[in-house]
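The values are calculated or read from the model by the stated rules, or taken from the named source; none is laboratory data. This structure is a prediction, so every number in the text was calculated from the model and none was measured. Here Cβ is always computed from backbone atoms with ideal geometry, including for glycine, and neighbour counts include all displayed protein chains. What goes into the accessible areas is simple: the full protein's heavy atoms, side chains included, and nothing from ligands, DNA or RNA. Shrake-Rupley method; radii C 1.70, N 1.55, O 1.52, S 1.80 Å.
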Amino acid sequence: MPQDTVTITDNRTGQNYTLPVENGTIRAMDLRKIKTGPNDFGLMTYDPAFMNTASCRSAITFIDGDKGILRYRGYPIEVLAEHCTFLEVAYLLLFGELPTEPQLKDWISEITHHTMIHESTKKFMEGFRYNAHPMAMFVSTVAALSSVYPESRNVHDPAIRLHQIKRLIGKVPSIAAMSYRHSVGFPYVYPDNDLTYAENFMNMLWKMVEPKYAANPVIARALDILFILHADHEQNCSANAMRAVGSSQADPYLSTAAAAAALSGPLHGGANEEVLRMLDEIGSKDNVPAYIKGIKEGKGKLMGFGHRIYKNYDPRAKIIKWTADRVFEITGRNAKLEIALELERIALQDDYFVQRKLYPNVDFYSGIIYQAMGFRPEMFTVLFAIPRTVGWLAQWQEMITDPEQKIARPRQVWIGHETREFVPMEKRTPAPVAAR
Ligand code: CMC
């Protein structure tokens, strides 16, 4: 019997099946041959929320959640955050290798020349209500780019694909900044191609009447590091949305908009906004024990804590804490930090959190930095979406070029009625409220 196999006995029939094991997985399609008879469809797996299902083979981002390890293309996140710029890391994620000096120069120049958005898209943004959530504006405007670049539908042409990748990476900070300026009623600021990616974003956010925006270098570097930390995170909810929508061969603007929509939820990228609301609700360090008690009694979740994959300290949270100290030297300490540190201290020694291996995740401290930089909580998830666009595009490109991938289409376990007799209108009874 070959070693890399698993043998399954079907107790319904007494039959044995030997299935190959590759990379610690069996092929779900191999289970189909396990049948009770010729009319049996064959065995499937039932895995709501993909708790134990690999949907792809990937070489982009590696996470060892038990050890708290995160690597992009083999490089530890700590090393990249220390030595690289965000656009350098974007290149690595997309093309698999760190760029040489001339490659990086060209890459920066190409991205920089795609930062402008079409004037009609600007008008589109102007149509949003004054109090629209920036994430809703971001998602809709990224989708609207599909109407500006119809050639993007040709997802199997590598040159067209690369062009859209550059456009999206160049344009998402512009859209994000416009959604911010719209929400505060300020005129939009055009990109400044003399500035770095992070500096230019700050320029589009915060330039007022000065002829040239001068970014604070410490804040610009902190933002760049935050972008590196958020750039990709393997098969998370939004990457999965990107792959699933992209698998239908929708264009990359629509797929990215779908991924950004997935990111907006409070259990995913929307958690950073919720952390700030939670800290406001707690109000002071003294109220932390009572708040934790409430969580343990089932009154909500401790936002910014827990992760599907990390059962150890999220390595990104450690770097964010270090970055926060640099930012606070410029902005002054955010008063909420005291509450957050106390929450972390108590939670990390509490049995409830210890037993469930719940640690601070990337969203726990990022909002505190963003707030110290002057952002309102509504903007936090948009700040996450800018760098994550790179990860979504890397995942999309990998999916499109993978000969094994097809349209993503899960199966279901049918628990509904068998064929029913049609009921004429006069004989129908109202469905119970819960069933509607
Ligand atoms: N506070 C209190 N209890 C929690 C928390 C939390 N933040 N997270 C998980 N638990 C409990 C959960 O109730 C469950 O307890 P029990 O076994 O008694 O039912 C146990 O821990 C396992 O949790 P789960 O819900 O089965 O875990 P999951 O993998 O389905 O969910 C998660 C992961 C991130 C959605 C969840 O931990 C959560 O909702 N955290 C708060 C929201 C958050 O911070 N999200 C950001 C995630 S990281 C960045 C990103 O993805 O964008």
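Figures for the structure shown
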| item | result |
| --- | --- |
| Lys/Arg +1, Asp/Glu -1 at C-beta; the chain dipole; positive extreme among M208, L87, V184 | V184 |
| Radius of gyration and maximum dimension Dmax of segment 265-394, Cα, Å | 14.3, 45 |
| In nm, spacing of pseudo-spin labels at F95 and S248 (7 Å Cα→C-beta vector) | 3.3 |
| Net charge, I219 excluded, C-beta distance under 12 Å - Lys, Arg +1, Asp, Glu -1 | -1 |
| Cα-Cα over 31 Å, subset of K321/K406; K35/K67; K166/K406; K105/K311; K207/K321 | K321/K406; K35/K67; K105/K311 |
| Kirkwood Rh and Cα Rg combined as Rg/Rh, the chain | 1.01 |
| In Å², nearest 10: area of D350 left accessible to a 1.4 Å probe | 20 |
| Pairwise label distance in nanometres, K122 with L341, each label 7 Å out on the Cα-Cβ vector | 4.5 |
| Accessible area per residue in Å² at 1.4 Å probe, computed on segment 201-247 | 33 |
| Burial order of peptide ranges 208-214, 16-22 (average beta-carbon count within 10 Å, highest first) | 16-22, 208-214 |
| Principal-axis tilt of helix 315-331 within the chain, Cα atoms, nearest 10 degrees | 20 |
| Extension reserve of the N52-R308 stretch, reckoned as 0.36 nm per residue once the Cα distance is removed | 91.1 nm |
| Length added when fully stretched, I69-E210, from 0.36 nm per residue minus Cα-Cα | 46.4 nm |
| Using alpha-carbon coordinates, inclination of helix 86-95 to the longest axis of the chain, degrees | 30 |
| Cα gyration tensor shape of segment 1-45, rounded if a/c is under 1.5, else prolate or oblate by comparing a/b with b/c | oblate |
| Cα lying deepest toward the dipole's positive end in segment 227-306, options Q249, I292, L302, charges on Cβ | I292 |
| Two-decimal Rg to Rh for segment 98-149 - Kirkwood Rh, Cα set | 1.16 |
| Heavy-atom SASA rank of H133, H156, H113 (probe 1.4 Å, accessible area, largest first) | H113, H156, H133 |
| Whole-percent carbon and sulfur share, accessible surface of the chain, 1.4 Å | 55 |
| Estimated distance in nm for a label pair at T13 and D351, the labels positioned 7 Å out from Cα along Cα-to-Cβ | 4.9 |
| Cβ charges +1 (Lys, Arg) and -1 (Asp, Glu), total dipole of segment 271-373, debye | 360 |
| Between helix 217-230 and the chain: long-axis angle, C-alpha atoms, 0 to 90°, nearest 10 | 10 |
| Magnitude of the charge dipole, segment 32-84, Cβ model with Lys/Arg +1 and Asp/Glu -1, debye to 20 | 360 |
| Student exercise, segment 1-120 dipole from Lys, Arg, Asp, Glu Cβ charges, in Debye to nearest 20 | 680 |
| Helix-only CD estimate at 222 nm, as mean residue ellipticity for the chain, using -39500 (n - 2.57) per DSSP H run (n ≥ 4) | -15500 deg cm²/dmol |
| Heavy-atom surface of segment 296-402, accessible at 1.4 Å and reported per residue (Å²) | 38 |
| Accessible area per residue in Å² at 1.4 Å probe, computed on segment 1-45 | 76 |
| Hypothetical label at N23: residues of segment 45-86 whose amide nitrogen lies under 16 Å (7 Å Cα-Cβ projection) | 52-64, 71-74 |
| Karplus (6.51, -1.76, 1.60) ³J(HN,Hα), θ = phi - 60°, over segment 284-300, in Hz, Gly and Pro reported as x | 8, 3, 5, 8, 4, x, 5, 5, 5, 4, x, 4, 5, 7, x, 8, x |
| Rule-of-thumb Rg ratio for segment 15-160 [Cα; 2.2 N^0.38 Å; N residues] | 1.57 |
